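Below is one structure; the comments refer to it alone.
The values are calculated or read from the model by the stated rules, or taken from the named source; none is laboratory data. Small disclaimer: the values here were computed from a predicted structure and weren't measured. So basically every Cβ, Gly included, is an ideal-geometry build from the backbone, and we count neighbours across all protein chains shown. When the accessible area is computed, the model is the full protein with side chains, heavy atoms only, and any ligands, DNA or RNA have been set aside. Shrake-Rupley method; radii C 1.70, N 1.55, O 1.52, S 1.80 Å.
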Amino acid sequence: MLARVWSASLVGIEALKVGVEVDLAGGLPGIVVVGLPDMAVQESKERVKAALKNAGYAFPMRKVVINLTPADVRKEGPIFDLPISVGILAASEQVSLELLDECLFLGELSLDGSLRPVAGALAIAATAQKIGFKKLVVPAGNAREAAVVEGLEVYGFKHLSDMTDFLNHPALHQPMQIDGQRELAEGRSPTLDLRDVKGQRHARRALEIAAAGGHNLIFTGPPGSGKTMLARRLPGILPPLQFEEALEVTQIHSVAGLLREKGCLVSDRPFRSPHHSASGPSLVGGGSFPKPGEISLAHRGILFLDELTEFKRDVLEFLRQPLEDGYVTISRTRQSVSFPAQFTLVASTNPCPCGYFGDSVQACSCSPRQREQYWAKLSGPLMDRIDLQVVVSRLKPEEMTQQAEGEPSEPVRQRVEAARDRSYQRLKAEALQCNAEMQPRHLRQWCQLDDTSRILIENAIRKLGLSARATDRILKVARTIADLAGDGSLKTAHVAEAIQYRTIDRMQ
């Protein structure tokens, strides 16, 4: 007998519908899987056979031919264990065929018949709902994640026997129900507070501007000046994730297999901080079957690169295209996939190898040549893409011992949200989220300069040798400063402050 069951295969953060056809043919008993399966799918033959027997089902003593369609798309992972098992049970008439056409199945099997969660359940659920499936059957560990998708009945089971009981007696089982908005609100975690930061008014102001406009930011200063402490408090002043943004972020983390630690939704803006020994593929994504890297896992959040100059130069150059485009494309022989990467880059670095160039207390021991080689790790095109370049100076003794707390994160976040709302009202017709995403045509419309501001920018270009890209970044920052001030048009003071954040351009 022939039976067909529906499943899906991940392609980037999207999913492709896959048909699992099972035919019980004459000949010597055995299992043959065709349709470009990878090694994990080939190994499913033994898992499925043991699971069916240990769960109390009869395995057909015939030749079992399993075809995964479309045959020209590579199938990977243990996600097909459950649909293959259902296909064999249906072909051998051990379960009802009534629901097979309206259900999509995915899941990994243990040898005792229990169902194990798999990566990418949310992405597959979104695809299932989009192409018209009414029901999705998943392991219990994936049920809450998949149930976030509206308009789809999600059934989660712990064991193969529970799943077959659903196929034979569907009226006895209820789908998983999730209130996504409530899960998002309840899942938010406390963040580090700016009140812990003493002094550093200039750096705190840069953090506020970066949060309000989504601008990339780099701190440079001597060891112990608070660069990392400041960067780690940026998430606390960012607006909370909206539901649509949370779905985007959760889908990426689901495909990467990281969602099991976070419940059904990623509720906080991501903060990713890879070590400086990270490779290019780990940063941007890759592999034989491409998976999202750190920049995609930081989508709608923060990518923090501590000790930026310790990263390999060729690894940092991978960031140039994603910083400009907001996504990364990975090409392989058989496929090309794109991952979203709309993140804010925050970096920190010492000003020289010894760390004390320009310090008011300790003298620098580096030669000019050493300092030049140190900064040569950061290319001009990469630095052009960093909007805010800030020197964080050593704290004064009286600042270190002061008892008064700094301004808390909450009022700063309220100002950031007000500025973001102003920019959103202006940019929503262009489908942009923040000022950092503006293109040159938007700058011509919303960043018009008066004569004084124009002369100021022209002088900065001559003295600092600014590129056209760096000039555009100054205008974007000035637009954010104006939004924080509640001004509808750019003023000379906004442009002047924005120019002050090209500190490293002045140092080199």
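When the range 160-272 is described by a simple charge dipole with +1 on each Lys and Arg Cβ and -1 on each Asp and Glu Cβ, the residue from LEU241, LEU160, PHE219 located farthest towards its positive end is PHE219.
Count the DSSP beta bridges whose two residues both fall in the range 236-361, then state the antiparallel fraction as a percent rounded to the nearest 5. So the antiparallel bridges in the range 236-361 amount to around 55 percent. With every protein chain in place and a 1.4 angstrom probe, the accessible-area ranking of THR329, THR452, THR164, THR492, largest first, reads THR452, THR329, THR492, THR164. Dipole size of the chain about its Cα centre, with +1 on Lys/Arg Cβ and -1 on Asp/Glu Cβ: approximately 1240 debye, rounded to the nearest 20. For LYS463, LYS75, LYS428, the ranking by accessible surface with the largest value first comes to LYS463, LYS428, LYS75, using a 1.4 Å probe. Each principal axis of the Cα cloud of the range 36-86 was taken in turn, and the coordinate range along them, longest first, works out to 34, 20, 15 Å. Solvent-accessible area of CYS354, all protein chains in place: 40 Å² (probe radius 1.4 Å, heavy atoms, ligands and nucleic acids excluded). Given LYS428/LYS491; LYS17/LYS312; LYS17/LYS63; LYS45/LYS134; LYS75/LYS312; LYS428/LYS463, which pairs have Cα atoms separated by over 32 Å? Result: LYS17/LYS312; LYS75/LYS312; LYS428/LYS463 exceed 32 Å. A cut-off of 5 Å between modelled amide H atoms, ignoring neighbours fewer than 5 places along the same chain, links LEU490 with GLN448.
Reducing the range 349-384 and the range 108-135 to their Cα centroids gives an inter-centroid distance of 51 Å.
Translational diffusion of the range 105-243, estimated by Stokes-Einstein from the Kirkwood radius over alpha carbon pairs at 37 °C in a medium of 0.692 mPa s, is 176 µm² per second. Taking the 1.4 Å solvent-accessible surface of the range 5-79 as the whole, the part contributed by carbon and sulfur is 57%.
Volume per residue for the chain equals 167 cubic angstrom (convex hull of Cα atoms).
Quick check: from the Cα gyration tensor, does the range 411-482 come out rounded (a/c under 1.5), prolate or oblate? It comes out prolate by the Cα gyration axes.
Centre-to-centre separation between the Cα atoms of the range 224-255 and those of the range 260-314: 12 Å.
Residue order by solvent-accessible surface for PHE304, PHE243 is PHE243, PHE304, largest first, with ligands and nucleic acids left out and a 1.4 Å probe.
Of the whole protein surface, TRP6 contributes about 40 Å² of accessible area at a 1.4 Å probe radius. In a reduced charge model with +1 at each Lys and Arg Cβ and -1 at each Asp and Glu Cβ, the range 461-508 shows a dipole moment near 240 debye about its Cα centre. Using +1 at the C-beta of Lys and Arg and -1 at the C-beta of Asp and Glu, which of ALA231, VAL390, VAL149 has the Cα lying farthest in the positive direction of the dipole of the chain? It is VAL390.
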